Every structure is written in structure tokens, then in C-alpha cells.
Amino acid sequence: MSLNLLNESHIDINDITPNDPVAIIFGDSFLAWDYEKSLELTTIRQGLFKTLVYNQKLLDISSKILNSPQLRNGFISMHLRAERDWPWSMGRPWDQMRLYTKEINGIERILAEDHRTVFVSGGNESRIQRYREMIEHLGYKVHDKMSILRSDPDMLAMVDGLMFDV
């Protein structure tokens, strides 16, 4: 499906580089959605399987985090973006925190009590801690890669060595 989409748009996959990326939007974009109900993760992986080269190391890291006891009962996931490549016009971290909190407040009444876990992706521990302080009083437990991988220092060092959060 993805290759067809690129072909229909007259985009040669060999022309896509880190300096000349392509954004592919699947359906409507929302601030939040349920991957399990939409089955989006499965369809995206199936659709992009022949387009993207999956990195086994990254898959192993994500599986370790996803299968951690802290996230066992389900979770809300969010990404606080503030890395060097993030345009400030797309929202500063404080704006993102405010919007995520507004979204959580909107879905709070439909969540079961045991589904009050939030996973925050991002590389800035102090920002994540500020967000933790911002929403834990609402009854949520906030986790991030550091809190989940703290018991596995080798894996945490491997994650910290990745170029995602620079």
C-alpha cells in the first residue's frame, strides 16, 4: 500500500532522505487515538513492511518497554517533542503538556481505574518530571524510558545512546 501511495504521488523511494523526508498521513490526524481499537499499529506495520527496514535493536528495546510490568494494564502514550529538529511553531513543551492534559481530562471519565498509566516519550528528564507533577494529582502514574529501564542499566545506556533525543 505505501509503495502504491508513493508511486501515485510520483515520489521515488530512493529520493527520500533525512534531509528530504516525506510525510505519509493515514486517515485523519487526531491528538489522541486508541491503537488497539483502530488496529492502526498492525495496519501500518503491514503497509510499511516492504518500505521500511526495521531495526531489530529498536524492536527489542520497544518490546522490553511495552511488555514492562508498569505498562501491563494499558496506558496512554504521549511524546513531548522539543529536540533540535522540532519547530517551535508546532508547540513548545509547555503547550504540549497543556494539550495532553486537556485530552486526558476529556477521556478520563471513560477510563477504568486501573488504566490510569501514562507513558511519556522524550529525552528531557526534567520536562517529563514537570509533566509527572502536573498530572499525578489527577490520579495518573507517569512512566518514561528512565523509570521503566532503571532496573536494566545496560538497556537504559543503549537507549540513551540513540540519536532520538538530541
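Among residues of the stretch 67-88 that are under 14 Å from R116 (Cβ atoms) and in contact (Cβ under 8 Å) with a residue 24 or more places away in the chain, none has a beta-carbon under 8 Å from a residue that is exposed (fewer than 11 other Cβ atoms within 10 Å of the Cβ) and among the polar types (S, T, N, Q) at least six positions away or on a different chain. Per the conditions (1) modelled with pLDDT under 85; (2) more than 14 Å from I61 (Cβ to Cβ), the sole criterion not satisfied by G161 is (2).
The values are calculated or read from the model by the stated rules, or taken from the named source; none is laboratory data. Quick caveat, the model's predicted, so the values are computed rather than measured. Reconstructed Cβ throughout: ideal geometry from the backbone, glycine too, with neighbour counts over all protein chains shown.
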